[in-house]
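J.: I have a structure I would like to understand better, so I am pasting it below and will then ask my questions one at a time.
Readers should treat all values here as calculations from the given coordinates under stated rules, not as data from a laboratory. Predicted, not measured: the structure shown is a model, and the values here were computed from it. Glycine gets a Cβ as well: all are built from the backbone with ideal geometry, and neighbour counts include every protein chain shown.
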Amino acid sequence: MNNIRLFTVTYCGALLLIGSLTVGLHFFQVQIVESQKRNAEIINVAGRQRMLSQKVALHYQNYVAENDADRQVEHYRSFEEAVTVMRDSHGALTVGLFSLSPTDPSYDRLNALYYGETRLDERVKQYLADAEVAMNQTVLGTVTPDTKFLGMSAPLLTDLDVAVASYERNAASQVDHVKRVSVWCAVAIIVLLLAEAVFIFRPVGRRMYLAEEELRALALTDPLTGCHNRRGFMTAATAMIALMRRHDKSVACVIFDIDHFKRVNDTYGHATGDEVIIMVVRAALGNLRESDVLGRVGGEEFAIFLPNTDVQGARLVAEKIRKAIEITPYKDENYDFYVTASFGVSASVPTTSSCPAAFMDASDDQLYRAKRSGRNKVCTTDDNLIVVPPANAA
């Protein structure tokens, strides 16, 4: 339960972190898009300043050169409009709507441009003031117009170009920042996904695989003895028969059960009966090869498949097991007794129609022969040999 809770918390935490990164990146990009719109407007306003400074000078010169009174009025109005728009735009760039925050990358550079040695802010204001003075003097005609502002136009254009370039670099810097943040967020998400795969899903997959293997083993294993149950035994026997058929080798089947086992349960109890079954299985395993397959196919009935073994070889194995069971006493603090077992043996080279059931039926017939002839014997399909037990058999 703790593992499940830990997995759930870890998985949800990873999802929350990925979701937070994704949502945060989205809002960050939204803010940058809005910032870029603002930057585009700033660049447009800054670029227009350059054009307006030229218009101011041009409309003044056109006014001076024009002889037609109506046309002069038009130039005068255009001049005033250009001065007003340029002054408003300049105010927006320096202290108004489009003024930069100290956190903007170009803030120091533009601040130095407008208020440092270049004094662009002061020069733009002076340029507009001088232009208005010159226009008023020209209109009144009382004094000679002071047109020094016309000489300020060229260097002013140069510095306005620098301002526009700075605004453009600021916008480009923000775009680069967005790219870097996006890349790092993408990398972080990929790393988190890989971490999920390695530290969450891989262990979970491993646990699921082990749990599946454990369930499969439980489904094929007898819980009391640890050997194959009937299902597991038939599966292993089928594979063995197929292998021996490919190599044209003989397969032997031995079936045995404990003699008078009901009497053991009735006399000593089912718990003791279970211990006797475990003892019998140990005696059998002690006389089998690793390649042999043992299974508990009934309450006190067992079956063995022996690869590459004929009837006589299987009879010898069965006799060893029979003798081991016969001479091994069951002892505990309350009881001390012996049990015996009867065996049936068959063997043949498998054919395409061979199956475990056919082998087991043949061995089962020999098992019943052994029981009918006195028990504690080994009977085979070969020569119907019956091994007579010693006189002291239980």
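J.: Within 10 Å, count the other beta carbons around each residue, average over each peptide in 199-211, 330-342, and list them highest first. Before the final figure, lay out the partial values.
T.: On the way: 199-211: 12.1, 330-342: 15.2.
The peptides rank, most packed first, as 330-342, 199-211.
J.: Given R₀ = 22 Å, FRET efficiency for ARG372-THR267 by Cβ-Cβ distance, to 0.05?
T.: Details: r = 23 Å, r/R0 = 1.07.
It comes out at approximately 0.40.
J.: Oh, and also: Points 7 angstrom from Cα along the Cβ direction at ASP108 and HIS26: gap in nanometres?
T.: It is 3.7 nm.
J.: Cα axis of helix 356-372 to longest principal axis of the chain: angle in degrees, 0 to 90, nearest 10?
T.: Between the helix axis and the principal axis of the chain, the angle is about 30 degrees.
J.: If only Cα atoms are counted, what is the Rg of the chain, and what is its Dmax, in Å?
T.: When restricted to the Cα atoms of the chain, Rg and Dmax are 51.0, 155 Å.
J.: Could you check how many percent of all C-alpha pairs in the range 206-289 are farther apart than 17 Å? Kindly include the intermediate steps, with their values, before the conclusion.
T.: Working: 2214 of 3486 pairs.
That fraction is 64 percent.
J.: Same structure again: Give, in nm to one decimal, the length gained when the segment between LEU243 and LEU288 is fully stretched (0.36 nm per residue of separation minus the Cα-Cα distance). Intermediate results must be reported in sequence, preceding the final value.
T.: Numbers: separation 45, 0.36 × 45 = 16.20 nm, distance 1.89 nm.
Extra length available between LEU243 and LEU288 comes to 14.3 nm.
J.: Anyone know which of ALA69, ALA314, ALA112 comes out most mobile in the 10 Å Cα GNM of the chain?
T.: ALA69
J.: Something else now. Using Cα pairs under 8 angstrom and six or more residues apart, how large is the relative contact order of the range 2-201, in percent? Write down the numbers at each step before the final one.
T.: Values: 149 pairs, mean separation 59.7, N = 200.
Relative contact order comes out at 30 percent.
J.: Then there's this: Listing LYS371, LYS262 from the residue with the fewest other Cβ atoms within 10 Å to the one with the most, what is the order? Walk me through the numbers on the way to the answer.
T.: Working: LYS371 17, LYS262 11.
Fewest-to-most ranking of LYS371, LYS262: LYS262, LYS371.
J.: At ALA197 and LYS148, where each label point lies 7 Å from the Cα along Cα→Cβ, what is the point-to-point distance in nanometres?
T.: For the pair ALA197/LYS148, the computed spacing is 7.3 nm.
J.: Another question about this same structure. What FRET efficiency do you get for THR8 and GLU212 if R0 is 30 Å and r is their Cβ-Cβ distance, rounded to the nearest 0.05?
T.: Values: r = 20 Å, r/R0 = 0.68.
The value I calculate is 0.90.
J.: Please rank ARG231, ARG246, fewest neighbouring Cβ atoms within 10 Å first, as an exposure proxy. Numbers along the way, then the final one.
T.: On the way: ARG231 14, ARG246 9.
Least crowded to most crowded, the residues run ARG246, ARG231.
J.: Once you have the Cα-Cα distance between ALA92 and ASN67, take 0.36 nm times their residue separation minus that, and quote the gain in nm to one decimal. Could the numbers behind the result be given before it?
T.: Details: separation 25, 0.36 × 25 = 9.00 nm, distance 3.64 nm.
That works out to 5.4 nm of additional length.
J.: Cross-link partners among lysines for LYS37, C-alpha distance below 22 Å, same-chain residues fewer than 8 apart left out?
T.: LYS179
J.: For the chain, build the charge dipole from Cβ charges (+1 Lys, Arg; -1 Asp, Glu) around the Cα centre, then report which of CYS253, THR94, ALA82 sits farthest towards its positive end.
T.: About the Cα centre, the residue reaching furthest to the positive side is CYS253.
J.: Can you tell me the 0 to 90 degree angle between the C-alpha axis of helix 2-65 and the longest principal axis of the chain, rounded to 10?
T.: With both axes taken from Cα atoms, the answer is about 20 degrees.
J.: I want to check the label-to-label distance for VAL349 and VAL162. Put each point 7 Å from Cα in the C-beta direction and report it in nm to one decimal.
T.: My value for the distance between the label points is 10.4 nm.
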